[in-house]
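Asks: The structure under discussion is supplied below as structure tokens; questions concerning it will follow.
Just so it is clear, none of the values below were taken in a lab; they were calculated from the coordinates. As the structure is a computational prediction, the values presented were derived from the model and not from experiment. Positions of Cβ are backbone-derived with ideal geometry, glycine not excepted, and every protein chain shown enters the neighbour counts.
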Amino acid sequence: MSESLDLKKIDHIGIAVRSLEASLPLYRDIMGLTYLGMETVASEQVRVAFFKLGEAKLELLEPTSEESAIARFIEKKGEGLHHVALGVEGIDGELNKLSEAGLRLIHEQPKRGAGGAQVAFVHPRSTGGVLYELCEPVLDDQSRQKG
């Protein structure tokens, strides 16, 4: 690989759960994390709840269909750590670097993920068993004005 990735931070850690409602008290009440909200990502057949943890977030993923990737993951491995999302700028270029390095990509092109971010996953068979997500958040108007 001629050029290494330009990783900015750990954006979030994805955790597969059977039920958001059953999981929320642990993260919100017992751990005391700041609850950022919930949304449904219909294209991935999941409901997602976000919690702030320092500079990163925890993302709880509940399947909305038995055919979703999260449902299959839970069926095979149970609830728990699903993926680590790495924050990048210029996701297309970063995917090209990975492809040129011979890593297997689940998504050749980024797609819309939770929070409107552009996301793409790298197959865990290429990364020692870890499912990595590249994540390029969409800047809102306030973020653009600050930057």
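Asks: Please check the chain for the longest run free of GluC sites (Glu not before Pro) that are loop-located per DSSP (anything but H, G, I, E, B) and have at most 14 other Cβ atoms within 10 Å.
Replies: In the chain, the maximal stretch lacking such sites is 4-54.
Asks: How far, in degrees from 0 to 90, does helix 91-100 lean away from the longest principal axis of the Cα atoms of the chain, to the nearest 10?
Replies: 60 degrees
Asks: Taking the C-alpha atoms of the stretch 12-79, how large are the radius of gyration and the largest Cα-Cα span, Dmax, in Å?
Replies: 11.7, 33
Asks: Compute the distance in nm between two label points, each set 7 Å from the Cα along the Cα-to-Cβ direction, one at Lys76 and one at Leu20.
Replies: 2.4 nm
Asks: Quick one: if you stick a label point 7 Å off each Cα along the C-beta vector at Arg28 and Glu108, how many nm between them?
Replies: 4.2 nm
Asks: Still on this structure, please answer the following. Compute, for the stretch 11-145, the length of the dipole vector about the Cα centre, with Cβ point charges of +1 (Lys, Arg) and -1 (Asp, Glu) only. Units Debye, rounded to 20.
Replies: Working: 14 positive and 21 negative charges, 69 e Å.
The dipole of the stretch 11-145 has a size of about 340 debye.
Asks: Rank Leu33, Leu61, Gln45 by how far each Cα sits towards the positive end of the charge dipole of the chain (+1 on Lys, Arg Cβ; -1 on Asp, Glu Cβ) and give me just the farthest.
Replies: Of the listed residues, the answer is Leu33.
Asks: For the pairs Lys8/Lys97; Lys52/Lys97; Lys8/Lys52, flag any whose C-alpha to C-alpha distance is greater than 25 Å.
Replies: Details: Lys8/Lys97 15 Å; Lys52/Lys97 30 Å; Lys8/Lys52 17 Å.
Check vs 25 Å cut-off fails for Lys52/Lys97.
Asks: Among the aspartates and glutamates, select those whose C-alpha is under 16 Å from the C-alpha of Lys9, and discard any that sit fewer than 8 residues away in the same chain.
Replies: Within reach: Glu55, Glu59, Glu89, Glu94, Glu133, Glu136.
Asks: Choose one answer from His123, His82, His12: the residue with the largest mean-square fluctuation in a GNM of the chain with alpha-carbon springs under 10 Å.
Replies: Sorting by GNM fluctuation, first place goes to His123.
Asks: Right, something else. Using 0.36 nm per residue of separation minus the Cα-Cα distance, give me the extension gain between Asp92 and Thr127 in nm, one decimal. Provide the component values of the computation, followed by the final result.
Replies: Values: separation 35, 0.36 × 35 = 12.60 nm, distance 1.89 nm.
Full-extension gain reported as 10.7 nm.
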